[in-house]
Amino acid sequence: MSLGTGPISYPLAVPALDLTQRRRPRRRARRWPWALPAAAVLVALTGGGIALVSAGGKESPKADSSGYDAKPTREKARVPARWAKLAADLAAPWPDLQIKKGKFAGRFPDYTDRYIKGFPLTRYGEAVLGYALVQTGAREGDDRLIDSGMKALAYVANRPPGTHHRASVFEDMAMPAAYNFIRRTLPDHPIFKRNRAAWERFLRKIRPVSTPYRVPETRRYSNHYLVEAIGVLELLKTGLRSSRAGATLGGKRGLATAVTYRLLNDQIPGFAAQDQVRVRGEPTFILSDPPDNPLAYQGFSVGFYARALKVLGKDDSPTARSALRGAVNASLWLTAPDGSSGYFGRSQEEAWSLSATANGAETAARLTGSGRGRDRRYRALAERALTRLRDTYGVGREGMFIVPAMRRHLRLGARGVDVNAGAPSFAGITLMGLNWALEDMPARPRLGKIGADANKVVRLSKGESRFAVVRRGRVWFAVRQTRSVRRKDDLRYDFGLVSLKVRGSGKRWSDVLRLRPRRVTGPDSAGPALLRDGMVGLPYGTALTTSRRGTVTVTGGFKTAAGVVMRRGVVFRFQPTDCGVRMVWPARQGDQFDVSIFMRRSSKPRQLSPFAVGDTDQIVRFNAPTSVSLEGAYSSAVDPALLRARSLIFAKRTKPMRVTICKP
């Protein structure tokens, strides 16, 4: 199972890599304010005299309860109780769900297997969830969580070769990270002691997986690279060595170290310098998988880059810290008032993006030199993300709901997620990110405001992924400049208005425009699409500008799915109103346009008049008569059952077309 979207070319010149490097780069004198104590660092890097020989062997069937009396760490007294409880709630179902006997003892069942077909079983679920359960149990003093996590990790350590089809950077990151954590906090735990030898054999066999660790001169970027970078750093901290020529701890040790330092300290800061956009005088940087930059992976990459720099410690560079701040700044502006930050693109609104965002924000708040005002804004971002995770997602009997739609209807909601989704793996990543955030979170954080808390108009990102967010009074919305070229079959990368929220009388924000559903059956758009001379022209944009009053203007046109331009130089305007957004574009006499509005099946969508269609969530008004048909069965990450209100508008004369979407 893969969380990434695959490596994409990033045209950036980077310094040549010295493949002969075997030593770590010279340490800088500057330290991170939350670095591990010197003694702990020494133990992590050199083994600190800890014996590397154990009794070995597999766990016996009688080891369901270790009898090990875990004591809560000092961290418990320092973290906000509400977020410690959220972590405990996310962890709670898994010990009872875990397989207790047989050759799969230690594994976790995956409820998504009943609904998502055609993708290999997750490899890394037991590793990431096991690590996260041990983290949570150690902080809370919960033996049950610790034992469950230990058994899952022991299953991975003792798993026969060839059980899964390919290696996973997530497993290769979680296993050494868990090893170091347990060795530091719970070294005498019986399950760890019994399986330590097998665990160390597993670590010594880990080989490079992602592209830069196999092709060092690559100029590509993928979120997987950050995961593997953390794994390499954690492996180095184990103090272990390997005799295998192809192993990260063996013959590839120098190469893996050099690639990791180069990625974190040079390449990602280089991407930031190339792609940054200044907002209110501050640099912002979308750190996602280019060129489409899906927003869920912005949150993921922010959190994992923050973790990588924290594990790197005092060897981080000033430019790396600046790049992290720029990425967190972007999340600060793109996040909606209700904490939503994954409203377009692949893995739309998946839970792990929120906890990762919180971790990136908390880490950035602990960096020196950022100022108290900025730190409070970062912590407000973390608070907003975790509040959404707690209130909108939830935990069922079979574990965390990956997206809000699955909480409402598990089977239908599963249609709105990508085929790589897995309950244990995604719950593990989400809980792991939350635990990392808790390491840096003060018990009583002072909170500022995020960008969406005041009237603002902001443009973010560059090129194909350019978009704007607008807050005007009680209206907040987001507009994308163009559809994705690489993902033209996926409606989640659509052109135009992609999110619209309106604040009600009780100061609660609600979705008016429903998020685009997951649909990958062919080139498509919610429009407006031009229907003329037997051809269908989908909208696109080449430039995006904004005004102080909140109007977003996209200049572009219409072209067919085959790329034939039907009309160019078309100006689309998205204007805030008191109740929502008005979309305006020019029409010629005889034009016909297809505008699709997605509506919840349960909200009773219907045509209200020749000039309007609506339901309990939204009313859509047209300035010309329209014919409306309700079609299909769609699912998004937020809504398990959507209908498509396909509205056909005919222009009897040359004039601007206007479509206004409002909260009833």
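How many residues are in a strand (DSSP E or B) and open to solvent by 30 Å² or more (accessible area, probe 1.4 Å) if we restrict to the range 644-660?
To start, the set of residues in the range 644-660 that are in a strand (DSSP E or B) comprises 644-650, 655-660.
This time we only want the ones that are open to solvent by 30 Å² or more (accessible area, probe 1.4 Å), so: 646, 648, 650, 655-656, 658.
So the answer is 6.
With the condition kept exactly as written, say whether any residue in the range 187-209 is open to solvent by 10 Å² or more (accessible area, probe 1.4 Å), closer than 20 Å to I268 by Cα, at pLDDT below 95 and under 27 Å from the mean Cα position of the chain (by Cα).
yes
Which of the following residues is part of a strand (DSSP E or B) and touching a residue at least 60 places away in the same chain (Cβ under 8 Å): P539, P586? Give the steps one after another, and end with the answer.
Details: P539 fails: touching a residue at least 60 places away in the same chain (Cβ under 8 Å).
Just a single option satisfies the conditions, and that option is P586.
Restricting to the range 366-403, name every residue that is open to solvent by less than 30 Å² (accessible area, probe 1.4 Å), in a loop (DSSP other than H, G, I, E, B) and among the small types (G, A, S).
Of everything in the range 366-403, those that are open to solvent by less than 30 Å² (accessible area, probe 1.4 Å), in a loop (DSSP other than H, G, I, E, B) and among the small types (G, A, S) turn out to be S370, G394.
For the range 278-305, how many residues are touching a strand residue (DSSP E or B) at 6+ places or on another chain (Cβ under 6 Å) and either closer than 17 Å to S317 by Cα or modelled with pLDDT of 95 or more (or both)?
Of the residues in that region, 1 qualify.
Report the residue count in the range 222-257 for those that are in contact with a Pro (Cβ under 9 Å, 6 or more places away or on another chain), open to solvent by 10 Å² or more (accessible area, probe 1.4 Å) and outside any helix (DSSP H, G or I).
Residues flagged as in contact with a Pro (Cβ under 9 Å, 6 or more places away or on another chain), open to solvent by 10 Å² or more (accessible area, probe 1.4 Å) and outside any helix (DSSP H, G or I) within the range 222-257 amount to 2.
Report the residue count in the range 164-177 for those that are surrounded by 21 or more Cβ atoms within 10 Å (Cβ to Cβ) and either among the acidic types (D, E) or over 11 Å from T238 (Cβ atoms) (or both).
Summing the residues that are surrounded by 21 or more Cβ atoms within 10 Å (Cβ to Cβ) and either among the acidic types (D, E) or over 11 Å from T238 (Cβ atoms) (or both) in the range 164-177 gives 7.
Identify all residues within the range 191-221 that are of a type in the set (F, W, Y) and in a helix (DSSP H, G or I); write none if there are none. Walk me through it before giving the result.
So the first thing to find is which residues in the range 191-221 are of a type in the set (F, W, Y), and the list is 192, 199, 202, 213, 221.
Those that are of a type in the set (F, W, Y) and in a helix (DSSP H, G or I): F192, W199, F202, Y213.
Filter the range 645-661 for residues that are small (G, A, S) and within 36 Å of the chain's Cα centre (by Cα); which is farthest from S603 (Cα to Cα)?
Going through the range 645-661, the residues small (G, A, S) turn out to be 645, 647, 651.
Pick out the ones that are also within 36 Å of the chain's Cα centre (by Cα) and you get 645, 647.
Details: A645: 12, S647: 18 Å.
Across the range 645-661, the extreme among qualifying residues is S647.
Going by the structure shown, is T363 at pLDDT 95 or above, open to solvent by less than 40 Å² (accessible area, probe 1.4 Å), among the polar types (S, T, N, Q) and more than 15 Å from the chain's Cα centre (by Cα)? Quick ask: steps written out before the conclusion?
Working: at pLDDT 95 or above: yes; open to solvent by less than 40 Å² (accessible area, probe 1.4 Å): yes; among the polar types (S, T, N, Q): yes; more than 15 Å from the chain's Cα centre (by Cα): yes.
Criteria met by T363.
So which residues in the range 416-438 are aromatic (F, W, Y) and within 18 Å of P80 (Cα to Cα)? Outline the logic, then answer.
Quick first cut of the range 416-438, residues aromatic (F, W, Y) only: 426, 436.
Within the range 416-438, W436 is the sole residue that qualifies.
Test T122 against the stated conditions and say whether it is of a type in the set (S, T, Y), surrounded by 24 or more Cβ atoms within 10 Å (Cβ to Cβ) and either at pLDDT below 95 or part of a loop (DSSP other than H, G, I, E, B) (or both). It would help to see each step written out before you state the result.
Numbers: of a type in the set (S, T, Y): yes; surrounded by 24 or more Cβ atoms within 10 Å (Cβ to Cβ): yes; either at pLDDT below 95 or part of a loop (DSSP other than H, G, I, E, B) (or both): yes.
Judged against the criteria, T122 is a match.
Among the numbered criteria (1) at pLDDT below 95; (2) open to solvent by 10 Å² or more (accessible area, probe 1.4 Å); (3) not charged (D, E, K, R), which single criterion is violated by Q481?
Exception for Q481: condition (1).
Only one of (1) among the aliphatic types (A, V, I, L, M); (2) open to solvent by 30 Å² or more (accessible area, probe 1.4 Å); (3) at pLDDT 95 or above is not met by L410, so which one is it?
(3)
Among the helices (runs of 4 or more DSSP H) confined wholly to the range 258-357, which include 3 or more residues that are within 18 Å of the chain's Cα centre (by Cα) and free of Cβ contacts under 8 Å to residues at least 60 places away in the same chain? Full working, then the answer.
Working: elements: 268-275, 295-312, 318-334.
Hits in the range 258-357: 295-312, 318-334.
Answer yes if at least one residue in the range 285-305 is surrounded by fewer than 22 Cβ atoms within 10 Å (Cβ to Cβ) and of a type outside the set (G, A, S), and no otherwise.
Taking the range 285-305 and keeping what is surrounded by fewer than 22 Cβ atoms within 10 Å (Cβ to Cβ), we get 291.
Those still in the list that are of a type outside the set (G, A, S) too: 291.
Within the range 285-305 (the criterion being surrounded by fewer than 22 Cβ atoms within 10 Å (Cβ to Cβ) and of a type outside the set (G, A, S)), the answer is yes, since at least one residue qualifies.
Here's a check for you: in the range 624-636, which residue that is surrounded by fewer than 17 Cβ atoms within 10 Å (Cβ to Cβ) and not small (G, A, S) is nearest to L412 (Cα to Cα)? Explain how you work it out, then say what you get.
To start, the set of residues in the range 624-636 that are surrounded by fewer than 17 Cβ atoms within 10 Å (Cβ to Cβ) comprises 625, 627, 629-633.
Now restrict to residues that are not small (G, A, S): 625, 630-631.
Working: P625: 34, L630: 19, E631: 16 Å.
Here the answer is E631.
Looking only at the range 453-476, how many residues end up being of a type outside the set (V, I, T), open to solvent by less than 20 Å² (accessible area, probe 1.4 Å) and within 20 Å of the chain's Cα centre (by Cα)? Please lay out each step first, then the result.
Kept after step one, since they are of a type outside the set (V, I, T), are these residues of the range 453-476: 453-456, 459-468, 471-474, 476.
Now drop any that are not open to solvent by less than 20 Å² (accessible area, probe 1.4 Å), which leaves 460-461, 465, 467-468, 476.
Narrowing the set further to residues that are within 20 Å of the chain's Cα centre (by Cα) leaves 460-461, 465, 467-468.
Number satisfying all stated conditions: 5.
If you scan the range 589-600, which residues turn out to be part of a loop (DSSP other than H, G, I, E, B) and open to solvent by 10 Å² or more (accessible area, probe 1.4 Å)? Before you say what the answer is, go through the steps one by one.
Step one: filter the range 589-600 for residues part of a loop (DSSP other than H, G, I, E, B), giving 589-591.
Of everything in the range 589-600, those that are part of a loop (DSSP other than H, G, I, E, B) and open to solvent by 10 Å² or more (accessible area, probe 1.4 Å) turn out to be Q589, G590.
Within the range 601-623, restricting attention to residues that are assigned to a strand (DSSP E or B) and open to solvent by 60 Å² or more (accessible area, probe 1.4 Å), which residue is farthest from A651 (Cα to Cα)?
At the first step, the residues of the range 601-623 found to be assigned to a strand (DSSP E or B) are 606-609, 612-614, 619-622.
Retained after the next criterion (residues that are open to solvent by 60 Å² or more (accessible area, probe 1.4 Å)): 606-608, 621.
On the way: R606: 22, Q607: 19, L608: 20, R621: 15 Å.
Among those residues, the one meeting the criterion is R606.
In the range 528-556, which residues are crowded, with 21+ Cβ neighbours inside 10 Å, over 22 Å from R644 (Cβ atoms) and not hydrophobic (A, V, I, L, M, F, W, C)?
Passing the criteria: G541, G550, G556.
Among the residues of the range 314-333, which ones are open to solvent by less than 10 Å² (accessible area, probe 1.4 Å) and of a type outside the set (D, E, K, R)?
Of all residues in the range 314-333, those open to solvent by less than 10 Å² (accessible area, probe 1.4 Å) come to 315-317, 320, 323-324, 326-332.
Selection gives S317, A320, A323, L324, G326, A327, V328, N329, A330, S331, L332.
The values are calculated or read from the model by the stated rules, or taken from the named source; none is laboratory data. Keep in mind that this is a model prediction, so the values were computed, not measured. Note that each Cβ is placed from the backbone with ideal geometry, even for glycine, and that neighbours are counted across all protein chains shown. Ligands, DNA and RNA are excluded from the accessible area calculation, which covers all protein heavy atoms including side chains. Shrake-Rupley method; radii C 1.70, N 1.55, O 1.52, S 1.80 Å.
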